[in-house]
Amino acid sequence: SKGTYDTFMLKEIDEQPAVMRKISSNYFDGKKINVDQKMLEDVASADRLYIVAAGTSYHAALVGKDIFENLADVPVDVELASEFGYHMPKLSKKPFFIFLSQSGETADSRQVLVKVNELGYHSLTMTNVANSTLSREATYTMELLAGPEIAVASTKAYTANIAVEAVLAKAVGEFKGVKAAKELDLQEQLALAANAIQTIVDEKDKFKDIADDYLTGKKDAFYIGRGIDYALSLEAALKLKEISYIHSEGFAAGELKHGTISLIEKDTPVFAYINDGIGAAHTRGNIQEVVARGAHVLVISNKKYAEKGDQVVVPEIDEMISPIVSVVPAQLIAYYASLARGNNVDQPRNLAKSVTVE
Ligand code: M6R
C-alpha cells in the first residue's frame, strides 16, 4: 500500500536508505559476504562478464561495468537485451552472463537467457522477484531486496542493483585476491549511502522548486556528465522523459561539441553531474560552453568536487557507486516535473511495469 503517500514513486524514492541498510545487513555477516560459493568460483573463473538488461536495469549495468572491472579485475561487456539476443557478438572463451531485471519477467532479457542456456553457459540473475522467470531459468540468483516496486518508473531497484553488483564484485575480488576489493569497506559505504540519500530526500521542496524553475513549459532537457556521471546521466534522462514526457537526453559531456550543442539555445535546461574525479575539470569546461549559448544550467556535484555556485551538492561516497546517491536528485526532479504537468506519475502513458513482449 501507499501508506501516507499519494504515489508509489515517492514512497519508493524515500525507501532507498532502508534498502541500502537491508542489503548491507543481509549480504554481510560481520566481514563475511553471504553469497553462493559455487557462484563465486564460476564468476571468478570467467574471462569476461556479459551484463544483459533493459531500461533502467541496463543503466545499472553500465555502472556495474566499472565496479566489476575495478573490484573483480575482469573485463565486462554491457549489452541491451533487445539487441544482444539477435546480434550476439563473438563471445570470449569463458563467458559468464549476468542478467539484471527488477521484475525478472522482461521478455527481451529472457530470450537472451534462453540462448545462453542452449549454449550451455552459466548465468546469474539479479532480480527483485525471487521466483521470477529469469530467476528460475538462470544458474544462480541474487535478490535486490528492495521490496515490491510498484511505480512504473524504477527508482529503488536501480540503487539496489548497483549495491548488489558491488557486493558480488567485492566477493569475487576478495576470492581472487584483488587488492581494491579487499580495501573497499562496502558496509561503511552502504551506510554512508543510506545517510546521504536521507539528507537528499529530507529536502524535497528544493527539488520541487528546481523542477518548477528549470522545467516549466520546457520541451527538451539534457543531462550531461563524464565517466560514471555519463552512465548516470542516461538514467537521469530516462527518469525525466518517461514520467514528465519532456524530451530528455543523457550525453557524455565531451560529445556535446560533436553535434548536440546545436540544440542548446536560450534557457534550454542542462543538468550537469560532477562526481567523476577524472572528468570533473573537463565537464566544468563543457558547462561553460553551454552557458555561453544561453543554457539554464544546474550543477549537481558532490562535496569533494563542489565549487561555489553549484546548485545541488550531495554527500560524497566512493566514486564507483556514487550514482546510488547522485541519482536521487534526478528521481525527485522527474517526480515533481511529472506532478506539475498533471501526469499519472505511477503509471505513465504507453508503459507497463514489466514488458513481457519482445
Ligand atoms: O524489470 P526489468 O528491470 O527487467 O525492466 C526493465 C525496464 O523495462 C525498466 O527498467 C523500465 O525501463 C523502467 N520503466 C524504467 O524506469
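Screening Lys308, Lys266 for residues that are touching a His at 6+ places or on another chain (Cβ under 9 Å) and farther than 22 Å from Lys65 by Cβ leaves exactly one candidate, Lys266.
Filter the stretch 2-53 down to residues that are part of a helix (DSSP H, G or I) and among the aromatic types (Phe, Trp, Tyr) and give me whichever is most open to solvent (accessible area, probe 1.4 Å). This residue is Phe8.
Among the residues of the stretch 38-65, write down those that are within 16 Å of the ligand (Cβ to nearest atom) and of a type in the set (Val, Ile, Thr). Matches in the stretch 38-65: Ile51, Val52, Thr56, Val63.
For the stretch 186-199, the criterion of being more than 14 Å from Ser101 (Cα to Cα), surrounded by fewer than 17 Cβ atoms within 10 Å (Cβ to Cβ), aliphatic (A, V, I, L, M) and away from the ligand (no atom under 16 Å from the Cβ) is satisfied by at least one residue. Of all residues in the stretch 143-161, those that are closer than 19 Å to Phe28 by Cβ and more than 11 Å from the ligand (Cβ to nearest atom) have Cβ atoms under 6 Å from Cβ atoms of residues that are open to solvent by 10 Å² or more (accessible area, probe 1.4 Å) and modelled with pLDDT under 95, 6 or more apart or on another chain, in Glu143/Ala130. Leu332 meets the conditions (1) without any contact (Cβ under 8 Å) to a residue 24 or more places away in the chain; (2) more than 21 Å from Asp66 (Cβ to Cβ) in every case but one. The failed one is (1). Under the condition of being buried (at least 16 other Cβ atoms within 10 Å of the Cβ) and at pLDDT 95 or above, the residues counted in the stretch 84-100 number 6. Of the helices (runs of 4 or more DSSP H) lying entirely inside the stretch 61-169, those carrying at least 1 residues that are among the basic types (Lys, Arg) are 107-119, 133-137. Of the residues screened, Ser92 is not one that is of a type in the set (S, T, N, Q) and farther than 29 Å from Ala181 by Cβ. The set of residues from the stretch 101-144 being among the hydroxyl-bearing types (Ser, Thr, Tyr) and open to solvent by less than 30 Å² (accessible area, probe 1.4 Å) comprises Ser101, Ser103, Thr106, Ser109, Ser123, Thr125, Thr127, Ser132, Thr133, Ser135, Tyr140. Among the residues making up the stretch 224-282, those that are among the β-branched types (Val, Ile, Thr), more than 16 Å from the ligand (Cβ to nearest atom) and buried (at least 17 other Cβ atoms within 10 Å of the Cβ) are Ile224, Ile228, Ile261, Ile264, Thr268, Val270, Ile274. Candidates are the residues of the stretch 66-83 that are within 16 Å of the ligand (Cβ to nearest atom) and within 20 Å of Tyr158 (Cβ to Cβ); the one that is least open to solvent (accessible area, probe 1.4 Å) is Ala81. No other residue among Ser123, Ser103, Ser135, Ser92 is polar (S, T, N, Q) and within 11 Å of the ligand (Cβ to nearest atom) apart from Ser103. Restricting the stretch 334-352 to residues that are touching a Ser or Thr at 6+ places or on another chain (Cβ under 7 Å) and of a type in the set (D, E, K, R) leaves a set whose member that is modelled with the highest pLDDT is Arg341. Remark: pairs (first residue in the stretch 100-120, over 23 Å from Ala163 (Cα atoms); second residue open to solvent by 20 Å² or more (accessible area, probe 1.4 Å) and within 8 Å of the ligand (Cβ to nearest atom); Cβ separation under 8 Å; 6+ apart in sequence or on different chains) = Ala107/Val355; Asp108/Ala54; Asp108/Val355. When each of Asp318, Asp346 is tested for being among the charged types (D, E, K, R) and buried (at least 20 other Cβ atoms within 10 Å of the Cβ), the lone residue that passes is Asp346.
Among the residues of this structure, Val164 counts as one that is touching a residue at least 12 places away in the same chain (Cβ under 8 Å), touching a strand residue (DSSP E or B) at 6+ places or on another chain (Cβ under 7 Å) and β-branched (Val, Ile, Thr).
The values are calculated or read from the model by the stated rules, or taken from the named source; none is laboratory data. Keep in mind that this is a model prediction, so the values were computed, not measured. Ideal geometry is used to build each Cβ from the backbone, glycine not excepted, and the neighbour counts take in all protein chains shown. Side chains are part of the model used for accessible areas, which takes the heavy atoms of the whole protein and leaves out ligands, DNA and RNA. Shrake-Rupley method; radii C 1.70, N 1.55, O 1.52, S 1.80 Å.
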